[in-house]
Amino acid sequence: MRRRDTFALAFGALAGPRTVITARTLRLHLVNTWTTVMSSSKFRETLQVSVESEGITGLGEGAPIVRYNESAAEGVKLVGTLNGLFANSDPSQYAKILDQVFARVEGAWAAKAAIDIALHDWVGKRLRVPLWKMWGLDKNDAPATTFSIGIDTAEVIRRKVREAAAYPILKIKTGLANDEEVMEAVRAETKKPMRVDANEGWKSVDEAVRKIKWLEKQNVEFIEQPLPAAMLAETGEVRKRVDLPIIADECCLRPDDIPRIAPYFDGINIKVDKAGGLRQAMRMIDLARTYKLKVMAGCMVSSSLAITAAAQLSPLLDFADLDGNLLIKNDPFDGVKVVNGKLILPDRPGVGVLVRK
Ligand code: MG
């Protein structure tokens, strides 16, 4: 080895790691207390991840899900254990790094998603292209997004529907005992199309069929996860007895779920946080198309960082429900915009968010 190379190696070691990954938690405050079948809350914690190399910083976010024993604080600890793996890595080889992270880490899908997004952001910034362009997509194909109305009293729901006047399609959360009351409150304010998410809230084939038959007369486009995730055969029964498309959500988290659930549903709802990142979401889209399933992408309550990252995939979707950033008061980022309901992707490189001043 020549002397200069030896010096460069020694200097490199002194200069510190080539790539640094860091993480912190971020508390997001909700505009309205958010209630679904699962929970009710005023704030959510997300995991923020940075990958720094060559003077470029890639940013990522994941929303850990309590149901799957995930938390933002655990995510920070997990990222701390990956310092060694990242130190000598080249983030432009993100596929290899993600394979190594996935081989080493069990579960922790939201943390993996935050890491995956930070790597994609870094690569897009390094190549100076937005992710949609890096993937060969046309940003004009991005669909409209729904605006979600959580479970609430009839009076509050009517107010929320009025506040959502700018959104051409609404997503309504149902699944509690007051379903009819919720829908009637919505319909007292608007005739616009709706998508209904039961979040596994109906407990039998008969209950689901009865509710869906009623919803078929209410300008509803489809029903998400009418029965609990484990009730696949029963969902297939429901599907035979109703006309509305049935979309899988809680029973379809990752690529390997798709072959198992495909016979019982018309489509799937992908969440980047549950899938483990954009690469996994892309695999789900490809697999869903193989099984002739419709594809939507949903989201958790998140800042514009995670929502804009998911929106980068949206030209590939039939339906988008990417409004998690519109439900919070303290969004630190500026990213994807919604104009007349349609998602407008930024032209900036990577995920394309700016930190708000
Ligand atoms: Mg859902």
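Too long at a 31 Å Cα-Cα cut-off: which of Lys96/Lys173; Lys211/Lys271; Lys271/Lys357; Lys112/Lys192?
Lys96/Lys173; Lys112/Lys192
Just subtract the alpha-carbon distance of Asn88 and Ala154 from 0.36 nm times their residue separation and send over the number in nm, one decimal. Could you put the intermediate results ahead of the total?
Working: separation 66, 0.36 × 66 = 23.76 nm, distance 5.63 nm.
Stretched fully, the Asn88-Ala154 segment lengthens by 18.1 nm.
With the Cα gyration tensor of the stretch 133-355 giving a ≥ b ≥ c as the square roots of its eigenvalues, does the rule (a/c under 1.5 for rounded; else a/b larger than b/c for prolate; else oblate) give rounded, prolate or oblate? Numbers along the way, then the final one.
Details: a/c = 2.01, a/b = 1.20, b/c = 1.67.
Here the stretch 133-355 falls in the oblate category.
If a/c stays under 1.5 just call it rounded; otherwise compare a/b with b/c (prolate if a/b is bigger, oblate if not). Do that for the stretch 197-317, with a ≥ b ≥ c from the square roots of the Cα gyration tensor eigenvalues.
Values: a/c = 1.99, a/b = 1.64, b/c = 1.21.
Prolate, since a/c reaches 1.5 and a/b exceeds b/c.
Can you tell which of Ile56, Pro245, Leu119 lies farthest toward the positive end of the dipole of the chain, using +1 and -1 charges on the Cβ of basic and acidic side chains (Lys, Arg; Asp, Glu)?
Ile56
With springs only between Cα atoms under 10 Å apart, run a GNM on the chain and tell me which of Ala188, Ala309, Ala23 wobbles the most.
Checking each option, the largest mean-square fluctuation is seen for Ala188.
On a full-extension model of 0.36 nm per residue, what is the gain between Ala165 and Arg128, subtracting their alpha-carbon distance, rounded to one decimal in nm? Each step should come with its number before you reach the end.
Details: separation 37, 0.36 × 37 = 13.32 nm, distance 3.64 nm.
That pair, Ala165 and Arg128, stretches by 9.7 nm at full extension.
Compare Arg239, Arg283, Arg67 in a GNM of the chain, Cα atoms joined below 10 Å, and give the one with the largest fluctuation.
Highest fluctuation among the options: Arg67.
Neighbour counts of other C-beta atoms within 10 Å: give me Thr46, Thr308 arranged from fewest to most. Numbers along the way, then the final one.
On the way: Thr46 26, Thr308 30.
In increasing order of surrounding Cβ atoms, one gets Thr46, Thr308.
With r defined as the distance between the Cβ atoms of Asn140 and Arg289 and R0 fixed at 22 Å, what FRET efficiency is calculated, to the nearest 0.05? Please list the in-between numbers first.
On the way: r = 20 Å, r/R0 = 0.92.
Using R0 = 22 Å, I get an efficiency of 0.65.
Expected output is a single nm value to one decimal: the length gained when fully extending between Asn340 and Thr190, i.e. 0.36 nm times separation in residues minus the C-alpha distance. What is it? Spell out each step's value before the answer.
Working: separation 150, 0.36 × 150 = 54.00 nm, distance 1.63 nm.
Going from the current span to full extension adds 52.4 nm.
Placing unit charges on C-beta atoms (Lys and Arg positive, Asp and Glu negative, everything else neutral), compute the dipole magnitude of the chain about its Cα centre in debye, rounded to 20. Don't skip to the answer; put the middle values down first.
Working: 51 positive and 45 negative charges, 203 e Å.
My answer is approximately 980 debye.
Determine the relative contact order of the chain: mean sequence separation of Cα pairs under 8 Å and six or more apart, normalised by residue count, in whole percent. Working shown, then result.
Values: 793 pairs, mean separation 66.5, N = 357.
Across the chain, relative contact order equals 19 percent.
Each label point is 7 Å from the Cα along the Cα-to-Cβ direction; what then is the distance between the points at Phe43 and Ser204, in nm?
A separation of 4.3 nm, rounded to one decimal place.
Each reported figure results from applying straightforward, stated rules to the coordinates on display, with no laboratory input. Just so it is clear, the structure is predicted and the values come from calculations on it, not from any experiment. Here the Cβ is made from the backbone with ideal geometry for all residues, glycine too, and neighbour counts use every protein chain on show.
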